[in-house]
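See structure below.
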Amino acid sequence: MLLLSPAPKARKMTRRDVEILSAVPLFSCMNQDDIQRLADRAVHQNYKRGEVIIYEGERDHRLFVLVTGSVEIIKNFGEKTRHVLGTLHPPAYFGEMALVDDLLRSASVVASEPAEVISIDRLNLREEIKKYPDLALELMRALSRRVRTIEKTFLNAIGTFLPICASCKRVREDTGMWTEIEDYISKRSGTAFSHTICPDCAKRLYPDFYEG
């Protein structure tokens, strides 16, 4: 359930929070002075169960570290095609991809139980990587873990064995009904489809207009 409550009240960082940052794999290669520098720019926030920490589609430059509780990564939150991509527990961190590509958030993050987080706004990741190359390696590991989790979730949603008609390309559901493959995948993964035409088909169907 979406809670439209005021933004959680932030508080100043404590020595305990600095110790928590030191234990996070992303920052474990950094010296204490630089971790303290990050802590000076960070805030500690508490979220109730059901509160949204990150909204899909928004532009947000914060990196989050989960201190207590748990959060869910959700695609299409609040819609019928809502799909949980994974659950994170301490000392996980999330939101780092916005620091890498500066794009809109690709999913929402929601507190699945009361959660404490530390957020760092606009971390200059490139400058930190210049000083600590191991940061890039940890980000690559994190990205790999995310991709594997999404792959597993997707396969669990659509099944590893999918009967498909060799002629019309519809697929057979567990109920025995045959349905369009786009509808089948969309219902189980929240994937949205757009239709275009590939160069081979364009050349075959519209030879007079195709110039590819």
Exercise for the section: Please work out whether the stretch 58-118 counts as rounded, prolate or oblate from its C-alpha gyration tensor, where a ≥ b ≥ c are the square roots of the eigenvalues and a/c under 1.5 means rounded, while otherwise a/b larger than b/c means prolate and anything else oblate? Expected result: oblate
Problem - In Hz, Karplus ³J(HN,Hα) per residue of the stretch 25-35 (6.51, -1.76, 1.60; θ = phi - 60°; x = Gly, Pro) - result: x, 4, 9, 5, 8, 8, 7, 5, 5, 6, 5
Problem - In order through the stretch 127-139: 3J(HN,Hα) via Karplus (6.51 cos²θ - 1.76 cosθ + 1.60), integer Hz, x for Gly, Pro - result: 5, 5, 5, 4, 7, 10, x, 5, 4, 5, 5, 5, 5
Practice task
Would you compute the Debye intensity of the stretch 82-143 from its alpha-carbon atoms alone, equal scatterers and no solvent, and pass along log10 I(q)/I(0) at q = 0.12, 0.29 Å⁻¹ to two decimals?
Solution key: -0.36, -1.48
Handout entry: the stretch 32-90: trypsin sites (Lys or Arg not before Pro) falling in loop per DSSP and having at most 13 other Cβ within 10 Å
Key = ARG41, LYS48, ARG59, LYS80, ARG82
Problem - Protein accessible area in the stretch 14-107, 1.4 Å probe - carbon and sulfur % - result: 52
Practice task
Report the local net charge at ILE197: Lys and Arg +1, Asp and Glu -1, summed over other residues whose C-beta lies under 11 Å from its C-beta.
Solution key: +1
Fill in the blank from the handout: HN-Hα couplings for the stretch 166-179 via Karplus (6.51, -1.76, 1.60; θ = phi - 60°), in whole Hz with x for Gly/Pro, come out as 5, 9, 8, 6, 6, 10, 9, 7, 4, 6, x, 6, 9, 9
Fill in the blank from the handout: Using alpha carbon positions and the Kirkwood radius, the Rg to Rh ratio of the stretch 33-149 is 0.96
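The values are calculated or read from the model by the stated rules, or taken from the named source; none is laboratory data. From a predicted model like this one, the values you see are computed outputs, not experimental measurements. Positions of Cβ are generated from backbone atoms using ideal geometry, with glycine treated the same way; all protein chains shown enter the neighbour counts. Please note that ligands, DNA and RNA were not included when accessible areas were found on the heavy atoms of the full protein model with its side chains. Shrake-Rupley method; radii C 1.70, N 1.55, O 1.52, S 1.80 Å.
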